[in-house]
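Every number in this text was worked out from the coordinates using simple rules, so none of it is lab data. Note that the structure is predicted; figures quoted are calculated from it, not measured. Positions of Cβ are backbone-derived with ideal geometry, glycine not excepted, and every protein chain shown enters the neighbour counts.
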Amino acid sequence: MTTIPRSTLSMEQEINRLRREMNAVILAHYYQEDDLQDIADFVGDSLDLARKAAQTDADVIVFCGVKFMAEGAKILNPAKTVLLPDLEAGCSLETSCPAPAFKAFREAHPDHMAITYINCSAEIKALTDIIVTSTNAEMILQQIPADQKIIFAPDKHLGAYLARKTGREMLLWDGSCMVHERFSERELIRLKTQHPKAHIIAHPECPETLLRYAHHIGSTSSLLHYTAAHPAHEFIVLTEPGIIHQMKQRSLGSSFYPVAGVSDGACNSCNTCPYMKLNSLEKLYLCMRDLTPQLELKDDLIIAARKPLQRMLEMSTSIPNSAKEGN
Ligand code: 13P
Ligand code: SF4
């Protein structure tokens, strides 16, 4: 029986050996633990990673992220083996939009097209016209004729933000991200009082009550670019603090202050994504060693869900790829 290497160093060496032997590519989202970001071939936002998954010539895609991201990789590359270190890595946006209810909602509004945030299940993607991420949503919406009625799901905060930015009225699904919805306004004000020169940067999954304080609003890659363009600054961060690992590397001399979430007594600062944080270096090693858990989706679901994802990729070709190359 093979054993788990004891030290982190030998675990990394084993992951590197498996990566070579399996011809695998390791993709990691910015919210992953630091060691997973460091060992990945590419670190990026949802759009970057979907593109990398679509383009790779590796035989195996190992996705250090959450399930909807790994599903996206499988949908875009069904012939490849897609591994996720922990299959329980879900997303509160995904659970807030069950397929039967969404289907009924669409049927109740037959004259609306469905623009859906990538943070949803494969079943929801199959019921969607165009998928978007927080990086490309605004520019994709601008390509839709002004008289076309739109349903936006599942994130009501991102939807409301996009409606304000584009001036489009949209029918919003009532879903939200449990992490971005929970940042404490009181903590934000306390940090701003302590660091009056700090720039407040926020992901558009935050509610308007928080976004109104922000100097810059954008996807994870957009926030990262903003901090990299402002070296030796102070930043108050309204997104999952995993991204601060990359921010520190690209904005030398800057200080970063993550905002705590409203406490429910069960968590430390209540601002980390419990799903993203299910993955670990050890689980990464084990999933590569044992080729499990693997993402499996039915062929007809893959075919139906691929169309809106491909439309998204086609409609955002003018956005440069910002994934950072790792190992
Ligand atoms: P990005 O596409 O901006 O990386 O967002 C992913 C996500 O899950 C945010 O909560
Ligand atoms: Fe989902 Fe929020 Fe976690 Fe992103 S941070 S994966 S939206 S629960």
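Odds and ends about this structure:
- If you plug the beta carbon distance of residue 233 and residue 163 into 1/(1 + (r/R0)^6) with R0 = 30 Å, you get a FRET efficiency near 0.50.
- Among 10-18, 176-184, the peptide with the highest mean count of other Cβ atoms within 10 Å heads the list, and the full ranking is 176-184, 10-18.
- Per-selection Rg to Rh, region 248-327 - Cα, Kirkwood hydrodynamic radius: 1.07
- Rounded FRET efficiency, nearest 0.05, which uses the C-beta distance separating residue 4 from residue 267 and R0 of 25 Å: 0.35
- For residue 99 and residue 17, the difference between the fully extended length at 0.36 nm per residue and the C-alpha to C-alpha distance is 25.5 nm.
- When the Cα positions of 258, 235, 268 are compared along the charge dipole of region 143-292, 235 comes out farthest toward the positive end, with charges on each C-beta of Lys, Arg, Asp and Glu.
- Under 5 Å between amide hydrogens, built in the peptide plane, is the criterion, and for residue 261 it picks out 184, 270, 271 among residues at least 5 positions away or on other chains.
- Amide H within-cut-off set for residue 234, under 5 Å, with H built and near neighbours excluded: 199, 255
- Per-residue Karplus couplings for region 203-216, computed as 6.51 cos²θ - 1.76 cosθ + 1.60 with θ equal to phi - 60°, are listed in order as 7, x, 6, 6, x, 4, 4, 9, 4, 5, 8, 6, 7, 9 Hz, Gly and Pro entered as x.
- The packing ranking of peptides 297-303, 217-223, highest mean first, is 217-223, 297-303, where packing means the average number of other beta carbon atoms within 10 angstrom of each residue.
- Residue-span extension gain [residue 109 to residue 311] - 0.36 nm each, minus C-alpha spacing: 70.6 nm
- Signed unit charges on C-beta, dipole axis of region 19-130, positive-most listed residue 83, 108, 69: 108
- Environment charge at residue 184 (Cβ cut-off 13 Å; Lys +1, Arg +1, Asp -1, Glu -1): 0
- Kirkwood Rh (inverse of mean 1/r, distinct Cα pairs), region 57-182, angstrom: 15.3 Å
- Kirkwood-based Rg to Rh ratio, region 14-91, C-alpha trace: 0.92
- Here the scattering of the chain is modelled by Debye summation over its C-alpha atoms, one equal scatterer each and no solvent; at q = 0.09, 0.12 Å⁻¹ the log10 of I(q)/I(0) is -0.46, -0.83.
- Share of pairwise Cα separations in region 185-327, more than 20 Å, in percent: 62 percent
- Size descriptor, Kirkwood hydrodynamic radius, that averages inverse alpha-carbon separations across region 1-41, Å: 11.2 Å
- About the Cα centre, charge dipole magnitude for region 12-166 (Lys/Arg +1, Asp/Glu -1 at Cβ), debye: 580 debye
- Lone cysteines, the chain (no partner Cβ under 4.7 Å): 64, 91, 97, 120, 177, 206, 273, 287
- Share of pairwise Cα separations in region 125-200, more than 16 Å, in percent: 60 percent
- All-pairs alpha carbon distance profile, region 228-288, 5 Å steps from 0, percent: 4, 16, 19, 19, 15, 14, 10, 3
- DSSP beta bridges in the chain [antiparallel fraction, %, rounded to 5]: 10 percent
- Per-residue ³J(HN,Hα) for region 253-266, Karplus 6.51 cos²θ - 1.76 cosθ + 1.60, θ = phi - 60°, Hz, x for Gly and Pro: x, 8, 10, 10, 10, x, 8, 6, x, 5, 6, 10, x, 9
- Cα-Cα over 29 Å, subset of 125/149; 74/248; 156/277; 80/277; 125/192: 74/248; 125/192
- Ordering of 278-285, 19-26 by burial proxy (mean other Cβ atoms within 10 Å per residue, highest first): 278-285, 19-26
- Computed extension gain for residue 186 through residue 318, at 0.36 nm per residue and net of the alpha carbon distance, reaches 43.6 nm.
- Taking amide H positions as modeled 1.01 Å from N, with prolines and chain starts lacking one, the residues under 5 Å from residue 114 and 5 or more places away or on another chain are 129, 130, 151.
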